[in-house]
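Heads up: the structure comes next, in structure tokens.
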Amino acid sequence: MRQEVLLLGVLCALSVRVASAPAGDKYSSRFESLDVDAILQSERLVQNYFKCLMDRGPCTREGTELKTVIPEALVTECAKCSDIQKKQAGKVMAFVQLKHPDMWEQVLDKYDPEGNFRKKYGYNEDDEEDEEK
């Protein structure tokens, strides 16, 4: 169950996958040793994290904490994330964009309603439509 916490965090974090921010400059490092690849290979875990982040299912304590970190991490470009957390977040984001684009869009709609993340990183749904043509 602890590994489940990581995926939803990274999945939805668009750039974060940590549990909570302690006092100080960085988020907690307690999940850095988790095997993100193993988590991403479990459709059940991916779905559980997604449901938690989207307020459609139960969350673990860590998942609940993660949902409070995501908005700050997006605004600050994950300034409190360690290099390991940034790498893991990137891996999760790439996976979700490729394997679950519908989930990715829903996550962006919820956690980036103004489109700031999309604008900053050049993510544009029109670009995807152009590539499909």
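Check Y27, Y49 and return the single one that is within 12 Å of the chain's Cα centre (by Cα), at pLDDT 75 or above and of a type in the set (S, T, Y).
Within the list Y27, Y49, the selection yields Y49.
Those residues that are out of contact with any Cys (no Cβ under 9 Å at 6 or more places or on another chain) and either among the basic types (K, R) or in a helix (DSSP H, G or I) (or both), I need them from the range 93-102; list them, please.
Correct list: M93, A94, F95, Q97, L98, K99, P101, D102.
Within the range 66-82, count every residue that is under 13 Å from the mean Cα position of the chain (by Cα) and either at positive phi or in a helix (DSSP H, G or I) (or both).
Count: 11.
Take G115 and tell me if it is at pLDDT 90 or above, surrounded by 12 or more Cβ atoms within 10 Å (Cβ to Cβ) and among the small types (G, A, S). Outline the logic, then answer.
On the way: at pLDDT 90 or above: no; surrounded by 12 or more Cβ atoms within 10 Å (Cβ to Cβ): yes; among the small types (G, A, S): yes.
Criteria not met by G115.
Looking at (1) surrounded by fewer than 18 Cβ atoms within 10 Å (Cβ to Cβ); (2) at pLDDT 80 or above, which one does D130 not meet, given that it meets all the others?
Unmet condition: (2).
Could you tell me which residue of the range 30-44 is surrounded by the most Cβ atoms within 10 Å (Cβ to Cβ), considering only residues that are over 13 Å from the mean Cα position of the chain (by Cα) and modelled with pLDDT of 90 or more?
Ranking the candidates gives S42 first.
The values are calculated or read from the model by the stated rules, or taken from the named source; none is laboratory data. What you see is a predicted model, and the numbers here were worked out from it, not measured in a lab. Note: ideal-geometry Cβ built from the backbone for every residue, glycine included; neighbour counts use all protein chains shown.
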